[in-house]
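For reference, the structure discussed in these notes is given below.
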Amino acid sequence: QVQLVESGGGLVQPGESLRLSCVASGTIFSISVMGWYRQASGNQRELVARITSGAVTDYADFVKGRFTISRDNAKNTAFLQMNSLKPEDTAVYYCNAIIEAGPARRVYNSWGQGTQVTVSS
């Protein structure tokens, strides 16, 4: 059993920045991929960015150089630095991770509870 907890969301004005954090907990053996997804009101959940254990990254087109994903393997933590935020970035942001954990070393596709990001003037 594992848990993911996001933090760092909030209300900001257009052009400002936020830094989201995601911490994985449990008896963790490995985390192959950590990623960020978002879901705006009335829309489907979409990939924002993801990063592998080897630090290979993948970004959605709408990031356009504004967002950066990173991870601290020693702390089982992923970050999403969001710069030049736009109103259309408003959404609930979810952390996702593929985690090998527990006595039997099972593989879990884990999701956090989400953190609200609102960009408004």
Before we move on, is Leu20 open to solvent by 60 Å² or more (accessible area, probe 1.4 Å), farther than 14 Å from Ala97 by Cα and either touching a strand residue (DSSP E or B) at 6+ places or on another chain (Cβ under 8 Å) or part of a strand (DSSP E or B) (or both)? no
Val48 being touching a Phe, Trp or Tyr at 6+ places or on another chain (Cβ under 9 Å), under 15 Å from Thr115 (Cβ atoms) and of a type in the set (Val, Ile, Thr): yes
Residues located in the stretch 75-110, provided they are over 24 Å from Ala55 (Cβ atoms) and not polar (S, T, N, Q): Leu85, Lys86, Pro87, Glu88, Asp89, Ala91, Val92, Gly102, Pro103, Ala104, Arg106
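Please give the strands (runs of 3 or more DSSP E) falling wholly within the stretch 70-121 in which 3 or more residues are buried (at least 18 other Cβ atoms within 10 Å of the Cβ) and modelled with pLDDT of 95 or more.
Per the criteria, 77-82, 91-101, 115-119.
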Answer yes or no as to whether Arg38 is touching a helix residue (DSSP H, G or I) at 6+ places or on another chain (Cβ under 9 Å) and either under 24 Å from Gln1 (Cβ atoms) or surrounded by 15 or more Cβ atoms within 10 Å (Cβ to Cβ) (or both). yes
Matching entry among Val92, Val107, Val48 (being β-branched (Val, Ile, Thr) and over 11 Å from the mean Cα position of the chain (by Cα)): Val107
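The values are calculated or read from the model by the stated rules, or taken from the named source; none is laboratory data. The structure presented is a predicted model; accordingly, all values stated were derived computationally and were not measured. Note that we place each Cβ from the backbone using ideal geometry, even for glycine, and neighbour counts take in every protein chain shown. Quick note on the areas: whole protein, heavy atoms, side chains included, nothing else; ligands and nucleic acids left out. Shrake-Rupley method; radii C 1.70, N 1.55, O 1.52, S 1.80 Å.
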